[in-house]
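Visitor: Here it is: the structure, laid out below.
The values are calculated or read from the model by the stated rules, or taken from the named source; none is laboratory data. Note that the structure is a prediction, hence the values are computed from the model and not measured. Every residue, glycine as well, gets a Cβ built from its backbone with ideal geometry; the counts of neighbours run over all protein chains shown. Surface areas here come from the heavy atoms of the whole protein model, side chains and all, with no ligands, DNA or RNA. Shrake-Rupley method; radii C 1.70, N 1.55, O 1.52, S 1.80 Å.
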Amino acid sequence: MKGETSWVSHRPDYSATDTFESDSYSELNDEDNKEVSSVLLDLILADDILERILACLPIASLFRAGCVCKRWHEIVKSGRFLWNSSKSLSHKPWYFMFTSLKEPVGYAYDPTFRKWYGIELPCIWTSSCFISSSCGLFCFMDNDSRTELYVCNPITKCCKNLEEPPGFKFSDYNAMAITGNRKTRRYIVTVVKSKHIPGNFFQWDISIHVYDSGTMTWMTPLTDVLAGWRGGAESVICDGILYFMIYSTGIGGSENRHGLITYDLSSRSSSNGLLMRSFIPVPCSLTCGRLMNLKEKLVMVGGIGKQDRPDIIRGIGIWTLNGTEWQHISRMPNKYFQGFGEFDDVFASSGTDDFIYIQIYGAPALLVFDVEQKKWRWCHKCPVTKRFPLQLFTGFCFEPRLEMVP
């Protein structure tokens, strides 16, 4: 397809140990001296030199290099190469976009080369799901049963199924987040569950569940009851602090429909009433808020609602949290806001490092904001096409890393 490159047929299998047959070098003759010289050059290169050369290739080219011969295949899938190459490869976040069809087939956008790649992600079988990413890994949980939870590297396709989180078997709202550590290669997954207390329209049960890949166990450090507020599906972890959005139930006369709760994952405190003590109001009336970790700082992308009609969006703003105060970063210029066409009150947005991606659910258009350079720009058109009027699109960003293993 024009504008799209697929590496599915070239990708080495990092999760398997099988090898493949390569052409025999002994069959070469002297009829083409140039060809012989090039082959001999490859043969005399030490593995560490060849590793350094291959590490200079873009990630998409590495997959093709792994199919050149048996030796290259073994190098590019070796643990040493995956770890060493992480120092030289670009880690600008990619964005994976997929549709609302039963099988979420999609494309990943590489901002370095401004190309879309057709890739297939394992362990995602439905577009109705919760997804969070960090340090080259993403965590997936289906929205239907909310019992199947996986951690996966979308580049190597290594995948791990986690045990079902504890707590309510059936919760009304779930918010999931993951944070990884590149030095220790460990990660933490959090799930915030929110369940309405039967017979009480005012109160909601909230529980926080934490999975540590080092101990491979879940724990529930906190349970609480919120009055006039409920949990939702938005959360992120920044520098050891869990942030998640809460939403007004319309009881209690709250000025805003959204709020932010913080929880220090190292505190392990379980006292009731703790959560609302950390309540942080949003900077303005929002139609929706999207939380993300940019260099261990909390950043929020929000739809700015009208004063008299907070459910109608009139712009998109970006803020970062300093302590308990919001600092304005940027507002989407009107030409880009109008460029999306009909803008719903909710939209998809995620980011990491210095990049923030924004897309609407009704079209495959994708906009990126470079926080460091303060620049907005459209991404190249995604190859996916809209087949029917009500078709929806969504996505998430991730760091393309080879060395991280679930």
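Visitor: Does residue 131 meet the test of being in a strand (DSSP E or B), among the hydrophobic types (A, V, I, L, M, F, W, C), closer than 16 Å to residue 220 by Cβ and open to solvent by 10 Å² or more (accessible area, probe 1.4 Å)? Step through it out loud before you land on a result.
Guide: Numbers: in a strand (DSSP E or B): yes; among the hydrophobic types (A, V, I, L, M, F, W, C): yes; closer than 16 Å to residue 220 by Cβ: no; open to solvent by 10 Å² or more (accessible area, probe 1.4 Å): yes.
Here the answer is no, as residue 131 does not meet what is asked.
Visitor: Here is a further query. Select from region 314-373 the residues that are part of a loop (DSSP other than H, G, I, E, B) and among the polar types (S, T, N, Q) and list them in ascending order.
Guide: Filtering region 314-373 down to residues part of a loop (DSSP other than H, G, I, E, B) leaves 323-324, 332-333, 340-347, 353-354, 360-366, 371-373.
Selection gives 324, 373.
Visitor: On to the next question. Considering only region 345-389, state which residues are open to solvent by 20 Å² or more (accessible area, probe 1.4 Å), of a type in the set (A, V, I, L, M) and closer than 21 Å to residue 233 by Cβ.
Guide: 346
Visitor: Filter region 296-313 down to the residues that are among the hydrophobic types (A, V, I, L, M, F, W, C) and open to solvent by less than 10 Å² (accessible area, probe 1.4 Å), then identify the one that is farthest from residue 286 (Cα to Cα). Give the steps one after another, and end with the answer.
Guide: Restricting attention to region 296-313, the residues satisfying the condition of being among the hydrophobic types (A, V, I, L, M, F, W, C) are 298-301, 304, 312-313.
The next check asks that each one be open to solvent by less than 10 Å² (accessible area, probe 1.4 Å); those that pass are 298-301.
Numbers: 298: 17, 299: 15, 300: 11, 301: 10 Å.
Filtering first and then ranking leaves 298.
Visitor: Looking at 190, 184, which one is in a loop (DSSP other than H, G, I, E, B), out of contact with any Gly (no Cβ under 6 Å at 6 or more places or on another chain) and of a type in the set (Val, Ile, Thr)? Even if it seems obvious, please write down each step before you answer.
Guide: Details: 190 fails: in a loop (DSSP other than H, G, I, E, B).
Result: 184 is the single residue among 190, 184 that is in a loop (DSSP other than H, G, I, E, B), out of contact with any Gly (no Cβ under 6 Å at 6 or more places or on another chain) and of a type in the set (Val, Ile, Thr).
Visitor: If you take the residues of region 134-161 that are free of Cβ contacts under 8 Å to residues at least 40 places away in the same chain and in a loop (DSSP other than H, G, I, E, B), which of them is surrounded by the most Cβ atoms within 10 Å (Cβ to Cβ)?
Guide: 146
Visitor: Let me ask you something else. Just give me the residues in region 390-399 being at pLDDT below 90 and open to solvent by less than 10 Å² (accessible area, probe 1.4 Å), in sequence order.
Guide: Scanning region 390-399 gives 391, 393.
Visitor: Here is a follow-up. Check every one of the strands (runs of 3 or more DSSP E) wholly within region 1-115 and list those with 3 or more residues that are at pLDDT below 60.
Guide: 4-6
Visitor: Of all the residues that make up region 162-212, how many are polar (S, T, N, Q), without any contact (Cβ under 8 Å) to a residue 60 or more places away in the chain and either open to solvent by 10 Å² or more (accessible area, probe 1.4 Å) or within 11 Å of residue 139 (Cβ to Cβ) (or both)? Step through it out loud before you land on a result.
Guide: Step one: list which residues in region 162-212 are polar (S, T, N, Q), which gives 171, 174, 179, 181, 184, 190, 194, 200, 203, 207.
Now drop any that are not without any contact (Cβ under 8 Å) to a residue 60 or more places away in the chain, which leaves 171, 174, 181, 184, 194, 200, 203, 207.
Filter again for either open to solvent by 10 Å² or more (accessible area, probe 1.4 Å) or within 11 Å of residue 139 (Cβ to Cβ) (or both), leaving 171, 181, 184, 200, 203.
So the count comes out to 5.
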